[in-house]
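See structure below.
The values are calculated or read from the model by the stated rules, or taken from the named source; none is laboratory data. This one's a predicted model, so the numbers in the text were calculated from it and none came from an experiment. Because the Cβ atoms are built from the backbone with ideal geometry, glycine has one as well, and the counts that use them run over all protein chains shown.
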Amino acid sequence: MSSANTARYEDLPRSYHIFKWRILLAFAGFYLFLYLGRFNFWPVAPLVKEDLALSNFEIGLVNALLLWGFGLGDLVHGRLAETYGLRLWVLVGAILTTVFNIITSFATSAVTMAIPWGIAGFVNAACWAPGISMVSQWWPRRHRGLAMGIAGTGTAIGGTLIAPLMGFLVLGVGWRPAAFISGVVFLVVGIPMSFLIRRDPESMGLRPDGDPIPENEVDIGSAASLAGENPEMERHGAAILHEGEPDFTAPEAMKTPTFWIFVLAVGMRNTVHSGITFLMVPVVVWFLMGSGRTEDDAQPIAVAFIGVMSFSLLLMIPIIGWLGDRWSKKKLSSICMIGGALSMLSLVNGSGNIWQVVAFVVLLAFSETANPLAWAIMGDYFGRRSYATLRGWQHLPDQFMSMSTPVWMGVIFDHTDSFKWALVPLVIIYGLAAIFYWVIPNPRTPARVRAYREKAHLE
């Protein structure tokens, strides 16, 4: 379809590109601090355990409730954000995360800590799905992989910095003031972020690919209303039906094999991610001790290699995102999973060679770049209308798939005094993820969309 009212992407108003980059960089920066709302417990857990006289089981329960809360929050907040506004919900999430972090700082027992901390995880999710949805709204498909890669750098930097920063803060003021301060910092960052962002390009009279909206394109909400229908969530610019752009409601997407194969692929990746992230230092220490090093000698080397991985991830994420825009994102993700399997295999023999640790962290960083690609794939397949809702439904199963991994890996180590037989299942899971990513089919256009396009002579 052509229109005299269209313009080349390169000729778009400067304001469009300013907003596009402003939203991306605001979210990437905000996501760096997002960890202050939900990852700030692990660095202080030993002090909390001692101060409140908690058992290992109780500490584990606090962590589990946080993960469960975040998973359930992802499911709920995506739909609420699409209903009441993405900007508003990011602000609501920032305020409530701060409130429950502060409440947690006054805990006196396992119960008084676990409950507000679980709620903190739940409300913190209100900042995630709406934020990544806005990036998907503003960045066209041709550049969405790169955009998600840049957004993902916030993950790498945040995950690297939060633990040592919280450690220094705890040593300086104690765990209770540290929890209080981290909550306040999160709010200070979250409020300005909510004012920097805009929901979608249509609010500025532009298409998602940057072109002006042609007069003969269809507003799905208007078309459905004229037909006497009651469509779901026709509240924003994503309801504009653009030629060639996928447009799925959440129920329509979840009825496709595409969605559930995608959920399995991402869930398996995150299953490995959960285990190896939480146990990376113990795993590397175990491996290094295979060459005769003591645990005390191996510990600082293992910690140093976490920095190597983080640096590798920072370099790779935008590059892989850029490649994803020029090739198949799903096939590139599959190759990343093969890299992850090779990273696990590099440690299986427990020989303690430094070069194998280098291979492990570099290949693992490569596999982690599949995460931002998944954010882009969701938008490419199902469009922008229900992006936040679908992210929630996708994230809940993989939270439940992944939260048990550190547990069973720890059990295997306790019984065998080795991580060898904990790494082998991870190799297999990565291999299955590679297969599922590779075979994800393109979803069939919903009958509703085909009918609207036919009526409007768009096809």
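Here are some notes:
- Pairs meeting the criteria (first residue in the range 332-352 and closer than 10 Å to THR369 by Cβ, second residue surrounded by fewer than 20 Cβ atoms within 10 Å (Cβ to Cβ) and of a type outside the set (Ser, Thr, Tyr), beta carbons under 7 Å, at least 6 apart or on different chains) are LEU332/LEU323.
- For the range 291-310, the set of residues classified as over 18 Å from PHE278 (Cα atoms) and surrounded by 15 or more Cβ atoms within 10 Å (Cβ to Cβ) consists of ARG293 only.
- Any hit, the range 105-115, residues being more than 21 Å from the chain's Cα centre (by Cα), surrounded by 18 or more Cβ atoms within 10 Å (Cβ to Cβ), at pLDDT below 75 and not acidic (Asp, Glu): no
- Residue check for THR108: part of a loop (DSSP other than H, G, I, E, B) and more than 29 Å from GLY324 (Cα to Cα): yes
- Unique match (being out of contact with any Ser or Thr (no Cβ under 7 Å at 6 or more places or on another chain) and surrounded by fewer than 19 Cβ atoms within 10 Å (Cβ to Cβ)) among SER404, SER351: SER404
- Helices (runs of 4 or more DSSP H) within the range 340-459 that include 3 or more residues within 22 Å of the chain's Cα centre (by Cα), among the small types (Gly, Ala, Ser) and not assigned by TED's automatic domain parsing to the domain that holds LEU67: 370-382, 387-402, 420-439
- Failed criterion for TRP327 (all others in (1) modelled with pLDDT of 85 or more; (2) part of a helix (DSSP H, G or I) hold): (2)
- Residue match in the range 381-390 (condition: closer than 15 Å to VAL266 by Cα, touching a Cys at 6+ places or on another chain (Cβ under 6 Å), touching a residue at least 24 places away in the same chain (Cβ under 8 Å) and crowded, with 20+ Cβ neighbours inside 10 Å): no
- Failed item, numbered, when ALA125 is tested on (1) more than 21 Å from the chain's Cα centre (by Cα); (2) at pLDDT 75 or above: (1)
- Contacts under 7 angstrom Cβ, first residue in the range 109-125 being farther than 13 Å from SER55 by Cα and in the same structural domain as PHE70 (by TED's automatic domain parsing), partner of a type in the set (Phe, Trp, Tyr) and at pLDDT 85 or above, 6 or more apart: PRO116/PHE100; ILE119/PHE100; ALA120/PHE100; VAL123/PHE100
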